[in-house]
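> The structure is given below, and queries will be raised subsequently.
The values are calculated or read from the model by the stated rules, or taken from the named source; none is laboratory data. Just so we're clear, the structure is a prediction, and the values are computed from it rather than from any experiment. As a convention, Cβ positions derive from the backbone with ideal geometry for all residues, glycine included, and neighbour counts pool all protein chains shown. Accessible surface areas use protein heavy atoms only, side chains included; no ligands, DNA or RNA. Shrake-Rupley method; radii C 1.70, N 1.55, O 1.52, S 1.80 Å.
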Amino acid sequence: MKTLFSFKTLFSFAERLAGPLLRISLGLVLLWIGSLHLQNPHSIVVLLSLSLPFLAFSTFVYVLGALEVIAGVLLIAGLWVRYVALLALVLFAGTLTIFVIAPAVTGFPILNLTGQFLLKDIVLASAAITVVARDAAMHEAKRAQRTHLASRSGDHTLSPMNSEGTQVNDAAPGEQTHSHPA
């Protein structure tokens, strides 16, 4: 007897949805946080003055907010995903340095409200790492597929080329390739 509900179908749907949903939600969070920084930099300037005083300037917070907004928009749009997610990772890592540099500000290890607020960046950094890894893996799989198709069809235009315009052999040492002589 066939059931309407199948865990296999549900898991397959979740697998297809996970990457785009994580990328878009990370983009929304960055867009939101950046917009708040642009709207009112004062609270961040105060936090920076207690932890990283050499960065405690409204101008720095505006630049940070603008980077976050741009990163958010690019992630939502799906443009330059792995590079933008790496930038986001740097932003989150910067925030997390406050735990190390100024533990009194966060109340570490028994976190105060500021520490609890900043702790979210561990999850956001993990999300950024996952977005980078998924996007890089997807691009590598597409590149491998293009290379494989090119080698099967004898079409060298899809194969990777070096700066001299000759086909590059990507195979691992000892691995057979199916490239045709030019």
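> How many of the residues making up region 93-107 are in a loop (DSSP other than H, G, I, E, B) and open to solvent by less than 20 Å² (accessible area, probe 1.4 Å)? Step through it out loud before you land on a result.
Filtering region 93-107 for residues in a loop (DSSP other than H, G, I, E, B) gives 102, 107.
This time we only want the ones that are open to solvent by less than 20 Å² (accessible area, probe 1.4 Å), so: 102.
Final tally of qualifying residues: 1.
> Pairs only if they're at least six apart or on different chains, beta carbon under 6 angstrom, first in region 108-137 and on the phi > 0 side of the Ramachandran plot and open to solvent by 80 Å² or more (accessible area, probe 1.4 Å), second at pLDDT 95 or above and assigned to a helix (DSSP H, G or I); list them, first residue then second.
Hits for this filter: zero, empty list.
> Hey, among 46, 73, 61, 90, which residue is open to solvent by less than 40 Å² (accessible area, probe 1.4 Å) and either modelled with pLDDT under 95 or assigned to a helix (DSSP H, G or I) (or both)? Before you say what the answer is, go through the steps one by one.
Values: 46 fails: open to solvent by less than 40 Å² (accessible area, probe 1.4 Å); 73 fails: open to solvent by less than 40 Å² (accessible area, probe 1.4 Å); 90 fails: open to solvent by less than 40 Å² (accessible area, probe 1.4 Å).
None of the other options fit; the residue is 61.
> Examine region 2-25 for a residue that is within 17 Å of the chain's Cα centre (by Cα) and under 20 Å from residue 61 (Cα atoms), and state whether such a residue exists.
Taking region 2-25 and keeping what is within 17 Å of the chain's Cα centre (by Cα), we get 17-25.
Right, trim to under 20 Å from residue 61 (Cα atoms) and you get none.
Within region 2-25 (the criterion being within 17 Å of the chain's Cα centre (by Cα) and under 20 Å from residue 61 (Cα atoms)), the answer is no, since none of the residues qualifies.
Condition check ((1) surrounded by fewer than 18 Cβ atoms within 10 Å (Cβ to Cβ); (2) at pLDDT 95 or above) across all residues:
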{"position": "10", "(1), (2)": "yes, no"}
{"position": "18", "(1), (2)": "yes, yes"}
{"position": "23", "(1), (2)": "no, yes"}
{"position": "27", "(1), (2)": "no, yes"}
{"position": "32", "(1), (2)": "yes, yes"}
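> Also: Would it be correct to say that residue 81 is open to solvent by 60 Å² or more (accessible area, probe 1.4 Å), out of contact with any Gly (no Cβ under 9 Å at 6 or more places or on another chain) and among the aliphatic types (A, V, I, L, M)?
Numbers: open to solvent by 60 Å² or more (accessible area, probe 1.4 Å): no; out of contact with any Gly (no Cβ under 9 Å at 6 or more places or on another chain): yes; among the aliphatic types (A, V, I, L, M): yes.
No; evaluated as a whole, the condition is false for this residue.
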